[in-house]
Amino acid sequence: MHAPLRLTCRRAALAANYRWLSGLGHAAVGAAIKADGYGLGAQAAFDILAAEGCRDFFVSTWFEASHLGPVSDQISLSVLHGLGPNDLTSAAHIPATPVLNTPGQVERWKQIASDRPCDVMIDTGMNRLGLRPEQIAMLDGLTIHTLHSHLACADEDHPLNERQRRMFAEVAGLVNAERYSLANSAGILLGEPYHFDLVRPGLALYGGVPRAEADGLVVPVAQIEAQVVQRRQIRAGERCGYSATFVAKDDIEAAVINVGYADGYWRGFSSRGRAVVDEKMLPVIGRVSMDLVILDCSDVPDLQEGDWVELDFDLPRAAAQSGMSQYELLTGLGSRFERRWV
Ligand SMILES: *Cc1c(COP(=O)(O)O)cnc(C)c1O
């Protein structure tokens with residue numbers, strides 16, 4: 001049976017983004033593949049990036065780690081949420097390394113595996129996950145593979161960036177680890193002083209543009225397509241969609257397509273989003289419904305029922321139109337899409 005929605009991802013684009021990021025400095029480049037590879041497929045991203053030479057992968061949970069196929073011992077897979085009270089069995093069986101975030105996680109690790117290398121997260125000002133710098137004494141005796149911290153505002157020019165970088169450099173001088181790592185995608189673009197030994201991009205690999213410096217340099221990875229369910233005429237003065245928010249000024253032709261907010265095509269695209277057919281932009285008119293979107297297709301006279309329509313999913317533009325972040329747009333793409341890597 002054919003799926004009515006297509007999400008097509010380009011291997012060459014993912015690989016090109018990896019190579020571009022690798023060229024921005026001297027640090028090793030890892031990859032965040034959490035949330036099923038930002039919604040595009042963690043296993044595919046893992047396979048493609050490993051073939052590009054990526055050796056460090058990050059998932060959020062042991063559950064995510066357990067869904068990856070075999071991980072060779074050349075590759076390090078880290079679990080960002082660390083070692084919770086319910087993770088001991090997983091940690092004993094899954095070939096991944098916890099990123100220890102709390103004093104409790106450090107204690108737990110010391111009890112079960114203090115001879116195995118671990119990663120550690122230091123909080124340098126985000127106050128999300130990680131040990132406070134004054135808690136580092138408890139790391140004595142651990143073999144730390146990578147010491148991490150994470151930037152709160154790397155996508156902005158914010159004074160916290162430099163403060164976090166300095167604090168991390170200070171902690172790095174006090175904690176012995178094989179490698180040190182601070183930057184996500186946006187952090188990489190803040191320049192080499194932010195790179196340390198390893199960077200951890202996610203968004204930019206998948207075609208997101210984390211800062212203006214990357215405009216035009218990141219290759220889009222994901223393309224989404226839906227099918228026309230009905231083509232109809234809307235007469236001047238008539239309305240369309242829920243709440244009748246759109247009023248036709250003239251007679252227009254409309255194409256109703258089979259995608260909606262249940263698929264992650266959010267209501268913010270109402271009267272703002274666009275589709276692309278034969279290089280013509282077809283505006284979304286009226287409200288996005290759960291499963292349907294109405295387009296003005298007056299410019300494409302031969303568009304008919306069953307035809308495929310590409311939605312404009314340029315991430316920075318779609319984020320501006322919908323009021324969602326690029327991260328939400330990617331990770332929100334629903335289960336009704338048939339995901340294909342070409
Ligand atoms: C998700 C995540 C990343 C990747 O961030 P992007 O902004 O997608 O590049 C890096 N580090 C940590 C700790 C993360 O949680």
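The values are calculated or read from the model by the stated rules, or taken from the named source; none is laboratory data. Predicted model, so just to flag it, every value in this text is computed and none were measured. We place every Cβ from the backbone using ideal geometry, glycine too, and count neighbours over all the protein chains shown. Accessible surface is based on the protein model in full, side chains and every heavy atom, while ligands, DNA and RNA are left aside. Shrake-Rupley method; radii C 1.70, N 1.55, O 1.52, S 1.80 Å.
Restricting to the stretch 131-162, name every residue that is in contact with a Ser or Thr (Cβ under 6 Å, 6 or more places away or on another chain) and without any contact (Cβ under 8 Å) to a residue 40 or more places away in the chain.
Answer for the stretch 131-162, where residues must be in contact with a Ser or Thr (Cβ under 6 Å, 6 or more places away or on another chain) and without any contact (Cβ under 8 Å) to a residue 40 or more places away in the chain: just Ser149.
Just need a number here: residues in the stretch 107-138 that are at pLDDT 95 or above and open to solvent by less than 10 Å² (accessible area, probe 1.4 Å).
7
Determine whether Val228 is touching a residue at least 12 places away in the same chain (Cβ under 8 Å) and under 17 Å from the mean Cα position of the chain (by Cα).
no
Residues of the stretch 153-174 being open to solvent by less than 40 Å² (accessible area, probe 1.4 Å), of a type in the set (A, V, I, L, M) and part of a loop (DSSP other than H, G, I, E, B), which ones?
Of everything in the stretch 153-174, just one residue is open to solvent by less than 40 Å² (accessible area, probe 1.4 Å), of a type in the set (A, V, I, L, M) and part of a loop (DSSP other than H, G, I, E, B), namely Ala154.
Sort out which residues of the stretch 42-82 are more than 14 Å from the ligand (Cβ to nearest atom) and in a loop (DSSP other than H, G, I, E, B), and write them in order of number.
Glu52, Gly53, Arg55, His67, Leu68, Gly69, Pro70, Val71, Ser72, Asp73, Gln74, Ile75
So, of the residues in the stretch 139-151 that are within 11 Å of the ligand (Cβ to nearest atom) and in a loop (DSSP other than H, G, I, E, B), which turns out to be most open to solvent (accessible area, probe 1.4 Å)?
His150
Do you know which residues across the stretch 302-342 are on the phi > 0 side of the Ramachandran plot and either among the acidic types (Asp, Glu) or open to solvent by less than 60 Å² (accessible area, probe 1.4 Å) (or both)?
Gly306
Looking at Arg232, is it open to solvent by 30 Å² or more (accessible area, probe 1.4 Å) and outside any strand (DSSP E or B)?
Criteria not met by Arg232.
I'd like the residue in the stretch 178-229 that is hydrophobic (A, V, I, L, M, F, W, C) and away from the ligand (no atom under 16 Å from the Cβ) and, out of all such residues, is most open to solvent (accessible area, probe 1.4 Å).
Ranking the candidates gives Val229 first.
Scan the stretch 235-280 for residues that are closer than 20 Å to Gln321 by Cβ and open to solvent by 80 Å² or more (accessible area, probe 1.4 Å) and jot them down.
Tyr242, Ser243, Tyr261, Arg267, Arg272, Glu279, Lys280
Any residue in the stretch 267-282 that's farther than 12 Å from Ile294 by Cβ: show its pairings with residues that are open to solvent by 90 Å² or more (accessible area, probe 1.4 Å) at Cβ separation under 8 Å, as long as the two are six or more apart or on different chains.
The qualifying pairs are Lys280/Asp299.
Please go through (1) over 21 Å from the mean Cα position of the chain (by Cα); (2) in contact (Cβ under 8 Å) with a residue 40 or more places away in the chain; (3) open to solvent by 60 Å² or more (accessible area, probe 1.4 Å) for His81 and return the number of the only condition it doesn't satisfy.
Single failed check for His81: (1).
Residue under question is Pro98, and the condition is that it be in contact with a Phe, Trp or Tyr (Cβ under 9 Å, 6 or more places away or on another chain), closer than 26 Å to Arg55 by Cα and either open to solvent by 30 Å² or more (accessible area, probe 1.4 Å) or assigned by TED's automatic domain parsing to the domain that holds Ser185 (or both); does it hold? So that I can check it myself, show each step before the final result.
On the way: in contact with a Phe, Trp or Tyr (Cβ under 9 Å, 6 or more places away or on another chain): yes; closer than 26 Å to Arg55 by Cα: yes; either open to solvent by 30 Å² or more (accessible area, probe 1.4 Å) or assigned by TED's automatic domain parsing to the domain that holds Ser185 (or both): yes.
Spelling it out, Pro98 is indeed in contact with a Phe, Trp or Tyr (Cβ under 9 Å, 6 or more places away or on another chain), closer than 26 Å to Arg55 by Cα and either open to solvent by 30 Å² or more (accessible area, probe 1.4 Å) or assigned by TED's automatic domain parsing to the domain that holds Ser185 (or both).
Determine whether the stretch 58-65 contains at least one residue that is β-branched (Val, Ile, Thr), open to solvent by 30 Å² or more (accessible area, probe 1.4 Å) and farther than 18 Å from Val199 by Cα.
So the first thing to find is which residues in the stretch 58-65 are β-branched (Val, Ile, Thr), and the list is 59, 61.
Those still in the list that are open to solvent by 30 Å² or more (accessible area, probe 1.4 Å) too: 61.
Checking the rest, the ones that are also farther than 18 Å from Val199 by Cα come to 61.
Within the stretch 58-65, one or more residues are β-branched (Val, Ile, Thr), open to solvent by 30 Å² or more (accessible area, probe 1.4 Å) and farther than 18 Å from Val199 by Cα.
Kindly evaluate Leu311 against the criterion of being within 16 Å of the ligand (Cβ to nearest atom) and among the hydrophobic types (A, V, I, L, M, F, W, C).
no
Return the residues of the stretch 92-122 that are within 13 Å of the ligand (Cβ to nearest atom) and out of contact with any helix residue (DSSP H, G or I) (no Cβ under 8 Å at 6 or more places or on another chain); say none if nothing qualifies.
Val99, Asn101, Asp119, Met121, listed by residue number.
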